[in-house]
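*Asks:* Before anything else, here's the structure in question.
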Amino acid sequence: MSASTAPNLIAAVSEARQWDRLMELAKLGAITGTDGSPGVNRACLTPLDREARRLVISWAEGLGLAVSVDEIGNLFLRHEGTDPAAAPVLTGSHMDTQPNGGRFDGIWGVIAALEAVQAIREAGVQTVRPIEVVAWTNEEGGRFAPGCMGSMAYAHYKPATAWDAVADHEGVTFRQALDEHRKAEADLSHRPLGGKPFAYLEAHIEQGPRLEAEGKDIGVVTGIQGSRWFIVEVRGETAHAGTSPVSTRRDAVQDMVRAINALNALMTDPTDVLRFTVGQIEVMPNTSNTVADVARFTIDFRHPDKELLIANGDAIEPTIRSAVKSCDVTVTERFHALPVEFDPLVTDAVQAAADAQGLASLALPSGAFHDAQFMVPLCPTGMIFVPCRKGVSHNPAEYSTPGQLAAGARVLAAALVDLANR
Ligand code: GLV
Ligand code: MN
Ligand code: MN
C-alpha cells in the first residue's frame, strides 16, 4: 500500500503526541548543557533507563501492543498482523544516551515507531505482517563499551555473554548491570534472543549538517560507514617528578603522546573522509608530581571504504609499538563494524513514501553507526533521517523541530505499511 492510498494514515500521525512523549522522556536524566541547552544523560541499564522503558511500555500497553524482552534486555512492542505467522517488520532504535547527550538521538526512532504504529491502528490500516517496535540495549557504548550490544546479540554477531566482564567507571560489570536489570523486568514476558525479520527500518536524526544545509525534509539513508574501536594501555613506572632524570623514566603519558602523534600521522586524510578520534584518556596515579605508570586511551576510527578500514585499522597496533620509547603497550580491539549498504527493498519504500507525501529528500550515507548496521546480514534494512539543527549531536544542543520529526514519523508509517503488506 502506498502512502497516497492511505491519507487517513498520514493524518493519524500526531505531531503533538510524538513531541509530548519525547519531552516527557527528556525529563528522565535531564541535564543542562554549557550553553544552557536541555540535554539528557540516561545511561543504559540504569534506574533512569528502566523508568524510561516503563513509560514507553505504559504507552504501548495502552495501545494494546504485546510487550516482551529478550535475554540482553532488548524491548519489543508488537502490533499483530493479519498473518501472525508472517515474518515481522522490525522498527526502532535505542533509548540510552551519551553522558552529555541530547533529547533525540536514539529515542526518537523508538517514539517515531510507536507513533507510526499508533497511527496505523487508529487509521484502521491493516497489515499482513506484524510490526515490532524495538528498543535496543546499549547502542551508545557510553557506559559499557562498545555500543550496539543489543543488536549485535540479536543478530548473533556475538553471544549475549560476550561483554560480561566489561566494566563501567564504577567497576560495575555489564553482566551485573544486566542481571539486576532483568530482575527488575522479571514481570515482563520473555522472548528468545534473535529472530528473522522480513525487514528492518530505523528512524534517526541525521546527526550531521547535510539535510538542513540542503533544505531537505527526509534523508533516504544509503548505508553506514565502518567503525573500529580500540583501547590502548601504556604501562611504565611511577617516579618522583622532581628527582628522577627524564632520560631514565618510563613515562606512560609521554609514550601515549608519542603514540597519538604517530596515529595522527597514519590517519591523515587530505580528503577529510576518514574519522579518527581519541575521546577518552585515563592516567594513573593522576597526580601532578608523579610520573604516570599507566595511560589508557580509546580510539574510534571510521571510514566508508572497507579496504582502507581494514588496512589502517590493522596498522594501529604496529604504529603504536614503533612510536613508544620505554613503556609496554597492549592494544585491544573491542568493536569492528564493517561498512554496510542498505537494501533497495527498504530504501525504495522510504523514497516512495517521501515522494508521495511531497517531501524533499536526499540520499545520503550515515557517518554515525546504528543498530541497523547489524541487521543488514539478517534482512533487508534501511534508515530514515530527519534534519537536526546545525548537524549537532552527542550534545545537549541537539535539536529537531516538532514538524521535522512529524514528517519523519509520517514517512516511517507509510513505509512500514508498505513493507508489512508485501
Ligand atoms: C553512535 O552513537 C556513534 O557513535 O556513531
Ligand atoms: Mn543513536
Ligand atoms: Mn549516539
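*Asks:* In debye to the nearest 20, how big a dipole does the chain give about its Cα centre with +1 on each Lys and Arg Cβ and -1 on each Asp and Glu Cβ?
*Replies:* Here the chain has a charge dipole of around 200 debye.
*Asks:* Next question, about the same structure. Straight-line reach from Lys183: which aspartates and glutamates have Cα under 18 Å away, leaving out those fewer than 8 places along the same chain?
*Replies:* Of all the aspartates and glutamates, those that pass the test against Lys183 - Cα under 18 Å, at least 8 places apart if same chain - are Asp49, Glu51, Asp70, Glu71, Asp164.
*Asks:* Per the Kirkwood formula on distinct C-alpha pairs, the Rh of region 228-355 is how many angstrom?
*Replies:* When all Cα pairs of region 228-355 are included, the Kirkwood radius is 16.6 Å.
*Asks:* Going highest first, how would you order 314-321, 290-297 by mean Cβ packing within 10 Å?
*Replies:* 290-297, 314-321
*Asks:* Please work out the Cα center distance from region 213-276 to region 68-110, rounded to the nearest Å.
*Replies:* Comparing the Cα centres of region 213-276 and region 68-110, I get a distance of 33 Å.
*Asks:* Using the crude model of +1 on Lys and Arg Cβ and -1 on Asp and Glu Cβ, and no other charge, please compute the dipole size for region 1-79 relative to its Cα centre, in debye to 20.
*Replies:* On the way: 8 positive and 9 negative charges, 20 e Å.
Once rounded to the nearest 20, the dipole reads 100 debye.
*Asks:* By how many nm would the segment from Arg275 to Thr290 grow when fully extended, if each residue of separation counts as 0.36 nm and the alpha-carbon distance is taken off?
*Replies:* Once the chain is fully extended between Arg275 and Thr290, it gains 2.0 nm.
*Asks:* Now a separate question. Check which residues have an amide H placed less than 5 Å from Val386's amide H, if you skip close sequence neighbours.
*Replies:* Those qualifying (amide H under 5 Å, at least 5 residues apart or on another chain) are His204, Ile205, Glu206, Gly219.
*Asks:* Would you kindly state how much longer the chain becomes between Glu333 and Glu51 on full extension, computed as 0.36 nm times their sequence separation minus their alpha carbon distance, in nm to one decimal?
*Replies:* 98.2 nm
*Asks:* Still on this structure, I have one more. Considering only DSSP states other than H, G, I, E and B, which trypsin sites (Lys or Arg not before Pro) in region 1-62 qualify as loop sites with at most 16 other Cβ atoms within 10 Å?
*Replies:* Lys27
*Asks:* Using the Cα centre of region 226-337 as origin and beta-carbon charges of +1 (Lys, Arg) and -1 (Asp, Glu), tell me which of Ile281, Thr238, Phe335 is placed farthest towards the positive end of the dipole.
*Replies:* Thr238
*Asks:* Here's something else I'd like to know. What is the Cα coordinate range of the chain on the first, second and third principal axes, sorted by size from largest, in whole angstrom?
*Replies:* Cα extents, longest axis first: 79, 48, 41 Å.
*Asks:* For each of Glu333, Glu115, count neighbouring Cβ atoms within 10 Å of the residue's Cβ, then give the residues from fewest to most.
*Replies:* Glu333, Glu115
*Asks:* Considering only Pro159, Ile31, Tyr399, whose Cα is most displaced toward the positive end of the charge dipole of the chain, charges sitting on Cβ of Lys, Arg (+1) and Asp, Glu (-1)?
*Replies:* Of the candidates, Ile31 comes out farthest on the positive side.
*Asks:* Sorted by average packing, counted as other Cβ atoms within 10 angstrom per residue and highest first, what order do 203-214, 77-88, 160-171 take?
*Replies:* 203-214, 77-88, 160-171
*Asks:* Still on this structure: Please list 3J(HN,Hα) in residue order for region 67-78, calculated via the Karplus relation 6.51 cos²θ - 1.76 cosθ + 1.60 where θ = phi - 60°; whole Hz, with x for glycine and proline.
*Replies:* Rounded to whole hertz, the list is 9, 8, 10, 10, 6, 9, x, 4, 10, 10, 10, 9.
*Asks:* Which is farthest toward the positive dipole end of the chain among Ile107, Cys379, Ala199, measuring Cα position about the Cα centre, with Cβ charges +1 (Lys, Arg) and -1 (Asp, Glu)?
*Replies:* Ile107
*Asks:* A follow-up question, please. Apply the Karplus curve 6.51 cos²θ - 1.76 cosθ + 1.60, θ = phi - 60°, to the phi angles in region 355-365 and return the couplings in whole Hz, x for Gly and Pro.
*Replies:* 4, 5, 9, x, 9, 7, 10, 9, 7, 8, x
*Asks:* DSSP beta bridges in the chain, what fraction antiparallel, as a percent rounded to 5? Numbers along the way, then the final one.
*Replies:* Details: 47 of 69 bridges.
Around 70 percent antiparallel, to the nearest 5.
*Asks:* Which ordering of Trp19, Trp136 is given by a fewest-first count of other beta-carbon atoms within 10 Å?
*Replies:* If I rank by nearby Cβ atoms, fewest first, I get Trp19, Trp136.
*Asks:* Here's something else I'd like to know. Given H placed on each backbone N at 1.01 Å, which residues far from Ser93 in sequence or on other chains put an amide H within less than 5 Å of it?
*Replies:* Val110, Val134, Trp136
*Asks:* Also: Amide H neighbours of Val166 under 5 Å, counting only residues 5+ apart in sequence or on other chains, H built in-plane at 1.01 Å?
*Replies:* Amide H neighbours of Val166: Phe174, Arg175.
*Asks:* Residue-wise, which Karplus ³J(HN,Hα) couplings in Hz belong to region 402-407, taking 6.51 cos²θ - 1.76 cosθ + 1.60, θ = phi - 60°, and x for glycine or proline?
*Replies:* x, x, 5, 5, 5, 4
*Asks:* Quick one: compute a quarter of the convex hull surface over the Cα atoms of region 287-422 and quote it in nm².
*Replies:* The number I arrive at for region 287-422 is 12.6 nm².
Each reported figure results from applying straightforward, stated rules to the coordinates on display, with no laboratory input. Just so it is clear, the model here is predicted, and its values are computed rather than measured. Reconstructed Cβ throughout: ideal geometry from the backbone, glycine too, with neighbour counts over all protein chains shown.
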